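Below: the structure, in structure tokens.
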Amino acid sequence: MTAAPDAPIVVAGLVKRFGSFAALDGVSFAVARGEIMGFLGPNGAGKSTLIRILCGLLHPSAGHARVAGIDVAADPEAVRRRIGYMSQKFSLYDDLSVAENLRFFGGIYGVSRDDMAARLRYAIDMAGLSGREESLVATLAGGWKQRLALGAAILHRPPVLFLDEPTSGVDPESRRRFWDLIHTLAADGVSVLVSTHYMDEAEYCHRIALISGGRLIALGTPREIKRQARDAGARAAEPTMEDSFVSLVGKATAAQRAERP
Amino acid sequence: MFGRIFHLLVKEFLQMKRDKSARFRLLVPPVIQMLLFGYAATFEVFNVSTAILDLDRSQESRALTDAFVHSSRFRIAVPAASERDVRDAVERSDVQVGIVIPAGFAELLKKGRTSPVQALVDGTNSNTALIALGYVGQIAGSFGQDYARNLAERTGRALGRPMVSVGLEERYWYNPNLNSRWFFVPGVIGTLALITIVNLTAFAIVREREVGTLEQILVTPLRPVEFIIGKTLPFFLIGLLEVSIVAGFGMAWFHVPFRGNPLVLLLGTCLFLLAALAIGLLISTVCTTQQQAFSSNFFVLNPMFILSGFSFPIPSMPQALQWLTYADPLRYYLVIIRATFLKGVGLDALWPQMLALAAIALGLLTVAVLRFRKSLD
Ligand SMILES: Nc1ncnc2c1ncn2[C@@H]1O[C@H](COP(=O)(O)OP(=O)(O)OP(=O)(O)O)[C@@H](O)[C@H]1O
Ligand SMILES: [Mg+2]
């Protein structure tokens, strides 16, 4: 599955500087329709920064990014109508119920009164929240909250979904369930860009982008990433995803250090 | 646009409905504060602008004039040549106190009789009047006592009891019983509305920023301006409600009269609340945590209170501070609220205050909205 230039997500030479520090240093890639692209990288690699630029929350310093065919820097508002976003930390209203949260987000996404009931049903079924519609969010367990956040992000049926560490702090059973949802959405044609620190989750992605120090250091299917690691001299003969991550990031960091003493 | 704002409003009211302690926080402290101020507060003033007219031109009358001037309570602001001058100065609010020593003042004292001094005070305008009047009485009283003692020593016998009495010119009293509560209640209303609205606005927005819901909202098609409107409109309504409740309480409990046009007060209140919302919004743009918002609010609200003229009369402040008070919306609102309550004046007299409030509100709102949009990046 390779992405064409008119793919739902196209990033070209993206740079983001905070003062003199480059959080992103020329990143390029594309995500195809229905593709799940995983973002892997150490803390501070620039994953959240990249996702926030693609959502129109941050302005890129240089380079281009097109989401759903729209330049994010030129028309962030149009982009927002076509994307769903789950930020790194849970950010729905604890003092509202499941249904109230969904109705609120549906409302500000412009879901019409006539469509609202059907959309709520869709999001609640999709996120497996039936029976908990009237529960206050504060009373939900972690896995439920995460699925609710996903439900809120897909109410308006966006063709592109950005998930920033959506499963952090959630038990394995809930994580498995969450990833089933992601695969269902992708099968419906939604393009998903998801960052994670869990190596097993990386295996569920169609392709993986390995990011370190603001640069893309490897890009490919999980199998391709492992092969790259082996070719680059990973210690194990059959490197796991974790071995590959450690060895590729280690090598890239050493190279970057040599470049910028 | 209206649909999105509507949904934001629904959400805000749902959250408020769920916040049981909010009702308590919005109602009980203001009422307690009002009672405290109403019963406990008195203040000292210095340098009350004054006009003194000495029609007696005797040694005694000059001594009394000196006693006023050297007390540091009064500052002679207007030279008066006639009673008409004094009257005009008080009427135009050029001075807050006018003192007239009538001809024959010394004559009466020498005979050991009570000698009157006239005081003209603008009783509405500020609490200063009330306190200043107290000083006039005190100074005149101790002058009379010293004089009596002197006279007894010089003549070797007591010639009755010479006294200086302070007579009040009643024409200028809008607050005839000099009831300080009447003066305080309107002031408390304004001050409490400011504190409540700035706090509510700043905290509500900073909370969304801190929790992360602001970021979640910003990736929706909701525009920053729509967010601001939806977020502040409920607080605007709460502000109106709070002003009504506290005012109603003050009128019922302290029997403060309301002599003006409620619509004039409503207009002033709306402008004032807009300025307060803008200040809360501005604070929210420089704070990322509620902790920061808490200390910022304190540092912003305290000077506004001090500069408003509520407890410290503006004419007693150093010139530089007096200039600063022109930027304080509370200063104008206090004038509006006192004037509508106690004097019953209308827009024809209050338009400068209204205009100033409108300008401040507009300026602050513009800066706040621009800053808010920038702070998102
Ligand atoms: N607003 C900002 N101002 C200055 N520096 C920032 C800002 N936002 C992020 N950074 C810096 O940019 C770098 C990349 O941050 P980012 O949050 O994108 O990393 P990340 O890959 O998401 O890390 P994590 O795995 O910890 O979530 C970090 O060094 C961070 O400190
Ligand atoms: Mg991150």
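The values are calculated or read from the model by the stated rules, or taken from the named source; none is laboratory data. Predicted model, so just to flag it, every value in this text is computed and none were measured. With ideal geometry, Cβ positions are generated from the backbone for all residues, glycine too; neighbour counts draw on all protein chains shown.
Points to keep in mind about this one:
- Members of segment A:15-25 that are within 14 Å of chain B (Cβ to nearest Cβ) and either of a type in the set (A, V, I, L, M) or within 15 Å of the chain's Cα centre (by Cα) (or both): A:A23
- Residues that are within 7 Å of another protein chain (Cβ to nearest Cβ) and crowded, with 17+ Cβ neighbours inside 10 Å, drawn from segment B:5-22: B:H7, B:L8, B:K11, B:L14, B:Q15
- Count - residues of segment B:337-362 that are outside any helix (DSSP H, G or I) and either buried (at least 22 other Cβ atoms within 10 Å of the Cβ) or within 17 Å of the chain's Cα centre (by Cα) (or both): 2
- Applying the criterion of being assigned to a strand (DSSP E or B) and within 14 Å of chain B (Cβ to nearest Cβ) to the residues of segment A:26-74, the residue that is farthest from ligand 1 (Cβ to nearest atom) is A:I70.
- Residue check for A:E77: surrounded by fewer than 23 Cβ atoms within 10 Å (Cβ to Cβ), at pLDDT 95 or above and more than 13 Å from ligand 1 (Cβ to nearest atom): no
- Matching residues in segment A:15-64 - criterion: being more than 27 Å from A:E242 (Cα to Cα), in contact (Cβ under 8 Å) with a residue 12 or more places away in the chain and more than 16 Å from ligand 2 (Cβ to nearest atom): A:V15, A:R17, A:R33, A:G56, A:H59, A:P60, A:S61, A:A62, A:G63, A:H64
- Selection of segment B:63-120 for residues being crowded, with 20+ Cβ neighbours inside 10 Å and farther than 13 Å from B:A51 by Cβ yields B:L64, B:R73, B:F105, B:A106, B:L109, B:S115, B:V117.
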